[in-house]
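To start, the structure itself, in structure tokens.
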Amino acid sequence: MTRFNAAFILLAAAALVVADYPIIDGHAVLEHIRVLSSDRFEGRLPGTPGEDLSVAYIEEQFRSVGLKPGNTDGTYVQKVPLAGIRPDPAQILTLRAKDKTRRLKYLEDFVAWTQKLVPQTVVENSPLVFVGYGVQAPEFSWDDYKGQDVRGKTLVMLVNDPPVPDPAHPGKLDPKVFGGEAMTYYGRWTYKYEIGGRKGAAGVIIVHESGPAGYPWSVVEGFGGERFDLIARSAPVPEVEAWIGLEQAKQLFAMAGQDFDTLKKQAATRTFRPVSLGVTASFRFQNSIRTVTSRNVLGRFEGSDPKLKDEFVIYTAHWDHLGVGKPVNGDRIYHGAVDNASGVAGLIEIARAFRKWAKPPKRSILFLADTGEEQGLLGSQYYTENPVYPLAKTLAEINMDGLNVYGRTRDITVVGLGKSEMDDYARAAAARQNRVLAPDPEPEKGFYYRSDHFPFAKKGVPAFDPDSGIEYIGKPSGYGRRIRDEYTEKDYHQPSDVIKPGWDMSGAAEDLELFWMVGYDVANSDHFPGWKPGAEFKR
């Protein structure tokens, strides 16, 4: 029996009385994905005709659902001023030691860009310093810099957190230091560039390793080309932000008379000290700069309680993807069907469910389809820095970044499980579906710091980041992990992220029903959800 045949529809209608939550139409979700990921939308890159089509489509859907304009100016959009910076693809990274010179090829060997709005980026003969994982974390008594002045130098860093062994359990990582197997924000590449800027470094080069990073080099290649940033950026940034491939990094260390694996092992200890490599790096490239007024799309569902309707629960999903880029198997359009046409489709259908439900929640619901997630969570960051509705009156945020398109599961993954009381709402909702919560099966990849809920969490708003379960009903053991790995390896940030034959939207529909319940219950709650003890966002 499928979810969508007549017999099941009758059962679902009856379940409304028992389950007390709306049934979401998986076919409708799929049709939104089909439109948003089509060739006509050209990969939905900000500042392109793909943005215009995306914004117009989402606004039309919000209006047809019956949402009110989400902005207080009476429109469905919040303007997000961005700067697009495109470095010269002919650039070369030149490495020099006393008697050796190596020139690395852009995209093939390294990727580099700048966040500074300058027509030319020049870093000449900047001394390279290996700073391990580049982390300064007083709460863990960890300092990879040891007071060394790195101003004007280019820092070489390892990806992820320092992997500190657990003295009580050989072969495992210490859960009390950097989250053990789970990544903390110190492991994110955004943190590494940020601290490089604060330290006055001329450049930061991160060594890419597919396992710890959670994605292959092809994803890093996608960081090349035009990149966007918020125009109003106050934090200092280095002149150059770069990645280098693992094999190139090993050759760099050999050029310096060092063994990469030996220094990597030393970097996982508190006693590690920065290592001057005796090699200089030179970057020189032109930048094409343009300013773009991108848009967040906002729709508002008004709460029923006059005393509480100025308080909000926010649902988010980013509409943007990577646009048109390097062809793969003849396709240059990065369609982003799962990432994240699916999330936007879910946003629209959850809004429809609220609008059709007979008993509206006491508080209001804001539906936010944001821009620039693929460029560094820009749209959600802009909203949290320029909120349309005060964050002090925002109870929680629920983010959707990639739906389950492979069928129903016994579980629902919660990225960051244990961080906030949102888990309690999700656990109750899952129980109504005879399901259970499961922790992130890939905590080492730091997904909690990689999507649009994160800017809200940084501002103290409890943020719920659900993901697909991995225990698929009717599938063999290990199926869930296999399809996750296959998507990461073959489709993530590739043109092949398209609607596939055999997609089963029953899982997406059931998950969206759970997300609806979580938002509905929070909006009717007698208190604001809080952070759990020990969560880094509690303060």
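Where a number appears in this text, it was derived from the coordinates with a stated rule and is not lab data. Remember, it's a predicted structure, so these values are computed and weren't measured experimentally. Note: ideal-geometry Cβ built from the backbone for every residue, glycine included; neighbour counts use all protein chains shown.
The Rg/Rh ratio for the stretch 476-539, using Cα coordinates for both the radius of gyration and the Kirkwood hydrodynamic radius, is 1.14.
Between the listed residues A358, T293, G325, the Cα displaced farthest toward the positive end of the dipole of the stretch 257-393, a dipole computed from Cβ unit charges relative to the Cα centre, is found at A358.
If you stretched the chain out fully between I231 and K458, how much longer would it get, using 0.36 nm times the residue separation minus the C-alpha to C-alpha distance?
Values: separation 227, 0.36 × 227 = 81.72 nm, distance 2.00 nm.
Using 0.36 nm per residue and subtracting the Cα-Cα distance, I get 79.7 nm.
With the convex hull drawn around the C-alpha atoms of the stretch 254-379, the volume per residue stands at 259 Å³.
Going 7 Å from the Cα of K100 in the Cα-to-Cβ direction, what parts of the stretch 268-311 have a backbone nitrogen less than 18 Å from that spot? Zone members listed by number: 275-282. Counted as membrane-span-like here are DSSP H helices of the chain whose alpha-carbon atoms extend 15 Å or more along the helix's own axis and whose Kyte-Doolittle mean is -1.0 or above; these are 6-19, 26-36, 49-65, 343-356, 422-432, 506-523.
In this structure, the amide hydrogen of V292, modeled 1.01 Å from its nitrogen in the peptide plane, lies closer than 5 angstrom to those of L82, A83, G84, counting only residues at least 5 positions away or on a different chain.
Computed from the C-beta positions of E209 and A535 and an R0 of 22 Å, the FRET efficiency is 0.20 to the nearest 0.05.
Which value at 222 nm does the chain reach when only helices count, each DSSP H run of 4 or more adding -39,500 (n - 2.57), with the total divided by all residues and rounded to the nearest 500 deg cm²/dmol?
Values: 14 runs with 144 residues, N = 539.
Taking each H run of at least 4 residues, the total per residue is -8000 deg cm²/dmol.
Under 5 Å from the amide H of S364 lie the amide H atoms of G303, E311, V313, each residue being 5 or more positions distant or on a separate chain, with H modelled from the backbone and absent for Pro and chain starts. The mean sequence distance of close C-alpha pairs (under 8 Å, at least 6 residues apart), as a share of the length of the stretch 85-289, puts its relative contact order at 38 percent. Packing, as the average of other Cβ atoms within 10 Å across residues, places the peptides 447-458, 301-312, 258-269 in the order 447-458, 301-312, 258-269, highest first. One entry in (i) 87, 51, 50; (ii) 113, 64, 31; (iii) 78, 54, 47 is Cα extents along the principal axes in Å calculated from the shown coordinates; its label is (iii). Here the convex hull built on the C-alpha positions of the stretch 85-289 has a volume of 117 cubic angstrom per residue. Relative to the current alpha-carbon distance between E489 and N386, full extension at 0.36 nm per residue lengthens the span by 33.4 nm. Length, then width, then depth: along the principal axes, the Cα atoms of the stretch 404-539 run 44, 30, 24 Å.
Of the listed peptides 337-349, 217-229, what is their order by residue-averaged count of other C-beta atoms within 10 Å, with the highest listed first? Numbers along the way, then the final one.
Numbers: 337-349: 27.4, 217-229: 19.7.
Peptide ranking by packing, descending: 337-349, 217-229.
Dividing the mean sequence gap of close Cα pairs (under 8 Å, 6+ apart) by how many residues the chain holds gives a relative contact order of 20 percent.
Taking the Cβ of F528 as the centre, find all other residues whose Cβ is under 11 Å away and add up their charges (Lys, Arg: +1; Asp, Glu: -1).
-1
Computed about the Cα centre, the dipole magnitude for the stretch 350-465 is approximately 820 debye when only Lys and Arg (+1) and Asp and Glu (-1) carry charge, each at its Cβ. With contacts taken as Cα pairs under 8 Å at a separation of at least 6 residues, the stretch 399-535 carries a relative contact order of 41 percent.
Projecting the Cα atoms of M400, A112, G303 onto the charge dipole of the chain, computed from C-beta unit charges around the Cα centre, puts A112 farthest toward the positive end.
Basic side chains Lys and Arg get +1 at the Cβ, acidic Asp and Glu get -1 at the Cβ, and with that the dipole of the stretch 127-278 about its Cα centre reaches some 360 debye. In the chain, a dipole from Cβ-located charges (positive for Lys and Arg, negative for Asp and Glu) runs towards its positive end, and of L173, V436, G469 it is L173 whose Cα lies farthest in that direction.
Each of the peptides 65-78, 43-56 was scored by the mean count of other Cβ atoms within 10 Å over its residues; in descending order, highest first, they stand as 43-56, 65-78. When +1 charges are put on Lys and Arg Cβ atoms and -1 charges on Asp and Glu Cβ atoms, the dipole computed for the chain relative to its Cα centre reaches about 880 debye.
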